[in-house]
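Peer 1: The structure follows.
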Amino acid sequence: MLLDLALWLATPAPWRHRRLGYVRESVLLSGRAWRCRRAWAPHAARSREAVLRACADLARRREAVVLGSGPLADVPLRELAAAFERVVLVDAVHPLSARLAARRLGNVRLVTADLTGAGDPVGALCGSADLTVSANLLTQLPVVPVDGYEARGLPVPERLGAEIVAAHLAALGRLAGRVCLVTDTEQREEDRAGRVTDRLDLLFGVRLPSAPLSWDWELAPFGETARHRRLVHSVRAYPDWAAAQGGPSLP
Ligand SMILES: C[S@@+](CC[C@H](N)C(=O)[O-])C[C@H]1O[C@@H](n2cnc3c(N)ncnc32)[C@H](O)[C@@H]1O
């Protein structure tokens with residue numbers, strides 16, 4: 001608790017992002033990532049592999065942009081920094097650990113931005129990127145906006161989550177460079193006998209095409225949120241998002 005408060009105070013962020021709750025979410029994420037590091041390791045490794053697969057055949061490697069870079073657990077940062085002239089990490093909050101990691105590499109820049117903000121922030125930030133990675137970000141985008149309504153005791157607009165998810169996918173779809181999408185899609189709650197006790201659609205009804213890569217991410221092992229329940233997320237990865245939709249596959 002005290003450590004969370006210290007981290008909340010020490011994490012640099014614009015006041016607006018702090019007030020909306022992005023810093024709080026970032027601190028909670030770092031805490032859970034640390035506690036669940038063993039359970040999360042296979043997911044992080046497979047996410048990093050998907051990103052490396054996305055750039056393996058790219059002819060032009062001037063700029064890579066990572067959206068939702070956060071604590072960088074899913075991002076093969078050293079490899080990207082070696083493969084591209086420059087790497088841009090975009091998040092509402094860059095934790096201290098990510099800031100340090102970026103500083104150690106000469107060609108990595110941090111951009112603090114709200115990717116649900118007005119206009120087309122994805123287009124503005126990734127328009128000239130040869131590779132854009134949406135790194136386990138998609139289902140996190142609605143979290144703070146939905147919480148904002150709930151915190152004020154207001155009804156959450158029925159389509160809010162779906163609109164935010166669809167808008168991010170549409171923005172990725174407009175990019176000319178290679179796009180790698182890694183996202184969780186569904187949460188399953190399981191008991192110790194392996195029975196599914198609850199399911200939650202993390203995409204608010206938005207459907208994704210079948211993915212070349214998919215796996216389970218044990219988000220909360222037994223004991224993390226409940227003694228006899230665990231939470232498992234289904235994850236899909238598209239090293240070439242345009243190709244997965246039947247669109248043009250860029251060199
Ligand atoms: C599950 S984490 C991603 C993990 C990260 N890719 C990694 O390698 O560890 C989701 C990230 O999305 C960011 N995020 C959530 N909503 C955002 C928004 N509206 N704009 C920008 N970043 C956002 C959070 O700050 C968080 O770092």
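Peer 1: Need the failing condition index for A171 against (1) outside any helix (DSSP H, G or I); (2) in contact with an Asp or Glu (Cβ under 9 Å, 6 or more places away or on another chain), just the number.
Peer 2: In the conditions (1) outside any helix (DSSP H, G or I); (2) in contact with an Asp or Glu (Cβ under 9 Å, 6 or more places away or on another chain), A171 misses (1) alone.
Peer 1: If you go through the range 182-197 one residue at a time, how many are more than 22 Å from N136 (Cα to Cα), in contact with an Asp or Glu (Cβ under 7 Å, 6 or more places away or on another chain) and of a type outside the set (S, T, Y)?
Peer 2: Residues that pass the stated criteria total 1.
Peer 1: In this structure, is T183 among the polar types (S, T, N, Q), within 13 Å of the ligand (Cβ to nearest atom) and either assigned to a loop (DSSP other than H, G, I, E, B) or touching a residue at least 60 places away in the same chain (Cβ under 8 Å) (or both)?
Peer 2: When the stated conditions are applied, T183 does not pass them.
Listed here are the residues, each with its yes/no results for (1) more than 14 Å from the ligand (Cβ to nearest atom); (2) not in a strand (DSSP E or B).
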{"position": "V75", "(1), (2)": "no, yes"}
{"position": "V88", "(1), (2)": "no, no"}
{"position": "R99", "(1), (2)": "no, yes"}
{"position": "L110", "(1), (2)": "no, no"}
{"position": "G123", "(1), (2)": "yes, yes"}
{"position": "A129", "(1), (2)": "yes, yes"}
{"position": "V133", "(1), (2)": "no, no"}
{"position": "V165", "(1), (2)": "no, yes"}
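Peer 1: OK, next. Could you please let me know if G148 is modelled with pLDDT of 95 or more, outside any strand (DSSP E or B) and of a type outside the set (S, T, Y)?
Peer 2: no
Peer 1: Now a separate question. Picking from G127, G123, G205, G161, which residue would you name as being crowded, with 19+ Cβ neighbours inside 10 Å and either under 18 Å from C55 (Cα atoms) or among the small types (G, A, S) (or both)?
Peer 2: G161
The values are calculated or read from the model by the stated rules, or taken from the named source; none is laboratory data. What you are looking at is a predicted structure, and each value in this text was computed from that prediction instead of being measured. Cβ atoms come from the backbone with ideal geometry, glycine included; neighbour counts cover every protein chain shown.
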